[in-house]
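Student: Please see the structure below; I have some questions.
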Amino acid sequence: MRTRGTLRLATRGSTLARRQATLVKEALENHRYEVELVTVETTGDQIRDELIHRLGKTGAFVRELDERVLEGDLDGAIHSMKDMPTEQPDDLVTAAVPERGRPGDYLITPDGATLEELPQEATVGTSSLRRRAQLLSERPDLTVEPLRGNVDTRLEKLLAPSLQVEHEERSEADKERKGETGNEDFEPEFDQTVDEWFDGLSELEKQALGREVETEYDAIVLAQAGLERSGLEHYVDAQELPTGTFVPAPGQGALAVTATDGETATEIQSAIDHPRSRVETTVERTVLAELGGGCIAPIGIYAIIQGEYVHTAVSVFDRDGEESITATRDLPVENHATAAREFAQDLADRGAAELIENARKETESESEPSQEDQPEGK
């Protein structure tokens with residue numbers, strides 16, 4: 001029997017990861033556990049300029065945390081479930097799946113425009129293969145450009161160009177207001193001075209104003225749960241994308257606490273596991289494991305319990321959103337894992353396996369070093 005002491009749990013160091021880990025910490029503390037969060041840097045955090053699917057190994061944001069648990073340094077690790085590989089070491093279990101946050105995606109624009117209202121050939125930022133394919137399936141004219149960074153960084157990159165243009169216009173208006181341009185017929189375009197305008201900006205907008213950006217985005221796409229957990233949803237114009245068309249990534253919005261199989265895992269599960277969220281995410285991850293797409297193919301899987309069934313939607317795309325295999329099925333809750341495997345096999349036989357294999361080949365070809373990338377002497 002484990003003597004109850006302080007639970008030491010690993011987390012990534014990003015702002016969002018720390019906020020999510022704090023949610024788990026507070027939930028455990030409500031059950032009278034003492035919890036210490038330990039920050040661990042991961043491969044995914046170190047390689048900041050690479051797309052997720054090019055990072056070179058599955059679980060780029062996960063492995064180092066779990067290794068610390070397996071080595072006995074820490075009691076458990078807190079993950080965003082959608083970052084987790086479908087295969088885990090034998091001694092490691094998912095001790096708890098807390099209640100899931102909102103699973104869908106937001107389209108965020110500087111002016112509140114919807115996807116349909118974006119101009120022709122608008123530039124949309126995302127580093128997700130799934131979101132890219134879904135966007136292009138709906139709007140083939142769009143230009144989808146890579147976008148990485150913390151949630152606030154991504155928002156600043158979106159907001160920066162329009163804020164900088166407005167700042168310049170207001171600065172020029174201030175000069176005219178002060179008579180520096182010699183225009184005697186000047187009529188103020190703005191009610192506020194540039195300083196008054198700046199003082200009224202949110203902290204996010206102030207940070208964006210000073211950011212240099214290489215790509216100007218007309219819109220970006222972020223996970224609903226990530227934006228809301230960052231506390232920034234009230235500072236931007238966000239449009240909810242329908243989960244029927246933009247089927248979320250498996251496990252999106254859910255957190256997971258991993259631990260070695262034993263007393264600690266049992267205690268964590270008893271304290272904070274949310275059975276409904278566990279069933280739904282188990283279905284999603286089982287389908288993903290059977291299809292074998294991982295993070296190298298555009299796959300959306302969304303399961304939600306409805307009575308005695310788990311309503312499950314799956315969409316598998318090619319990289320450009322031109323071809324897809326989509327289906328829905330009601331899986332019985334009582335044998336949801338077995339039914340999910342059967343559903344995945346049917347999808348594979350219908351062509352999903354071929355789409356995933358083609359995506360895998362494209363990803364591998366992109367990851368191969370060019371002649372210029374080869375080490376000297378090779």
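The values are calculated or read from the model by the stated rules, or taken from the named source; none is laboratory data. Computed from a predicted model, the values in this text were never measured in an experiment. Here the Cβ positions follow ideal geometry from the backbone for every residue, glycine too, while neighbour counts run over all protein chains shown. These accessible areas exclude ligands, DNA and RNA; they are computed on the full protein's heavy atoms, side chains included. Shrake-Rupley method; radii C 1.70, N 1.55, O 1.52, S 1.80 Å.
Student: Just to be sure I understand, how many residues within segment 20-38 are in a helix (DSSP H, G or I) and either of a type in the set (A, V, I, L, M, F, W, C) or at pLDDT below 95 (or both)?
Tutor: Within segment 20-38, residues that are in a helix (DSSP H, G or I) and either of a type in the set (A, V, I, L, M, F, W, C) or at pLDDT below 95 (or both) number 5.
Student: Within segment 254-273, track down each residue that is of a type outside the set (D, E, K, R) and surrounded by fewer than 17 Cβ atoms within 10 Å (Cβ to Cβ).
Tutor: GLY262, THR266, SER270
Student: May I ask you to list pairs of residues, at least six apart or on different chains, whose Cβ atoms are under 6 Å apart, with the first in segment 71-82 being within 17 Å of PRO248 (Cα to Cα) and the second being open to solvent by 10 Å² or more (accessible area, probe 1.4 Å)?
Tutor: Close Cβ pairs satisfying both conditions: LYS82/ALA249.
Student: Let me ask something additional. Quick one: count up the residues across segment 155-165 that are open to solvent by 50 Å² or more (accessible area, probe 1.4 Å), in contact (Cβ under 8 Å) with a residue 24 or more places away in the chain and of a type outside the set (S, T, N, Q).
Tutor: 1
Student: Within segment 327-344, how many residues are in a strand (DSSP E or B), buried (at least 17 other Cβ atoms within 10 Å of the Cβ) and not charged (D, E, K, R)?
Tutor: Total meeting the criteria: 1.
Student: Cβ-Cβ distance below 7 Å, separation of 6 or more or different chains: which pairs start in segment 302-327 with a residue that is over 26 Å from LEU136 (Cβ atoms) and end on one that is basic (Lys, Arg)?
Tutor: Note: pairs meeting the criteria are ILE305/ARG276.
Student: In segment 230-268, which residues are of a type in the set (Phe, Trp, Tyr) and under 25 Å from THR11 (Cβ atoms)?
Tutor: Across segment 230-268, the qualifying residue is only TYR235.
Student: With under 21 Å from the mean Cα position of the chain (by Cα), open to solvent by less than 50 Å² (accessible area, probe 1.4 Å), modelled with pLDDT under 95 and of a type in the set (A, V, I, L, M, F, W, C) as the only criterion, which of ALA303, ALA297 stands out?
Tutor: Sole residue among the options that is under 21 Å from the mean Cα position of the chain (by Cα), open to solvent by less than 50 Å² (accessible area, probe 1.4 Å), modelled with pLDDT under 95 and of a type in the set (A, V, I, L, M, F, W, C): ALA297.
Student: Any idea which of (1) open to solvent by less than 50 Å² (accessible area, probe 1.4 Å); (2) free of Cβ contacts under 8 Å to residues at least 60 places away in the same chain; (3) touching a strand residue (DSSP E or B) at 6+ places or on another chain (Cβ under 8 Å) is the one VAL213 doesn't satisfy?
Tutor: (3)
Student: Does segment 39-59 hold any residues that are crowded, with 17+ Cβ neighbours inside 10 Å and modelled with pLDDT of 55 or more, and which are they?
Tutor: Of everything in segment 39-59, those that are crowded, with 17+ Cβ neighbours inside 10 Å and modelled with pLDDT of 55 or more turn out to be VAL40, THR42, GLY59.
Student: Go through (1) small (Gly, Ala, Ser); (2) surrounded by fewer than 19 Cβ atoms within 10 Å (Cβ to Cβ); (3) assigned to a strand (DSSP E or B) one by one and return the number of the condition ALA77 breaks.
Tutor: (2)
Student: May I ask you to say which residue of ALA348, ALA303 is assigned to a strand (DSSP E or B) and not hydroxyl-bearing (Ser, Thr, Tyr)?
Tutor: ALA303
Student: Here is a further query. Does GLU290 fit the bill of being surrounded by fewer than 22 Cβ atoms within 10 Å (Cβ to Cβ), in contact with a Lys or Arg (Cβ under 8 Å, 6 or more places away or on another chain) and over 18 Å from LEU135 (Cβ atoms)?
Tutor: For GLU290, the condition - surrounded by fewer than 22 Cβ atoms within 10 Å (Cβ to Cβ), in contact with a Lys or Arg (Cβ under 8 Å, 6 or more places away or on another chain) and over 18 Å from LEU135 (Cβ atoms) - is met.
Student: Now a separate question. Kindly provide the set of residues from segment 222-247 that are surrounded by fewer than 18 Cβ atoms within 10 Å (Cβ to Cβ) and of a type in the set (Phe, Trp, Tyr), ordered by number.
Tutor: Correct list: TYR235 only.
Student: Which condition breaks for ASP195 when tested against (1) open to solvent by less than 20 Å² (accessible area, probe 1.4 Å); (2) part of a helix (DSSP H, G or I)?
Tutor: Just one mismatch for ASP195, condition (1).
Student: Find the residue count for segment 103-126, including only residues that are more than 26 Å from SER230 (Cα to Cα) and open to solvent by less than 40 Å² (accessible area, probe 1.4 Å). Give the steps one after another, and end with the answer.
Tutor: Let us first name the residues in segment 103-126 that are more than 26 Å from SER230 (Cα to Cα), namely 116-117, 119-122.
With open to solvent by less than 40 Å² (accessible area, probe 1.4 Å) added as a condition, the list becomes 122.
Counting residues in segment 103-126 that are more than 26 Å from SER230 (Cα to Cα) and open to solvent by less than 40 Å² (accessible area, probe 1.4 Å) gives 1.
Student: Here's something else I'd like to know. Here's a check for you: in segment 127-152, which residue that is in a helix (DSSP H, G or I) and open to solvent by less than 30 Å² (accessible area, probe 1.4 Å) is farthest from THR363 (Cα to Cα)? Before you say what the answer is, go through the steps one by one.
Tutor: Residues of segment 127-152 in a helix (DSSP H, G or I): 129-138, 151-152.
Retained after the next criterion (residues that are open to solvent by less than 30 Å² (accessible area, probe 1.4 Å)): 129-131, 133-136, 151.
Numbers: LEU129: 10, ARG130: 13, ARG131: 16, ALA133: 14, GLN134: 18, LEU135: 19, LEU136: 18, VAL151: 25 Å.
Restricting to residues being in a helix (DSSP H, G or I) and open to solvent by less than 30 Å² (accessible area, probe 1.4 Å), the top hit is VAL151.
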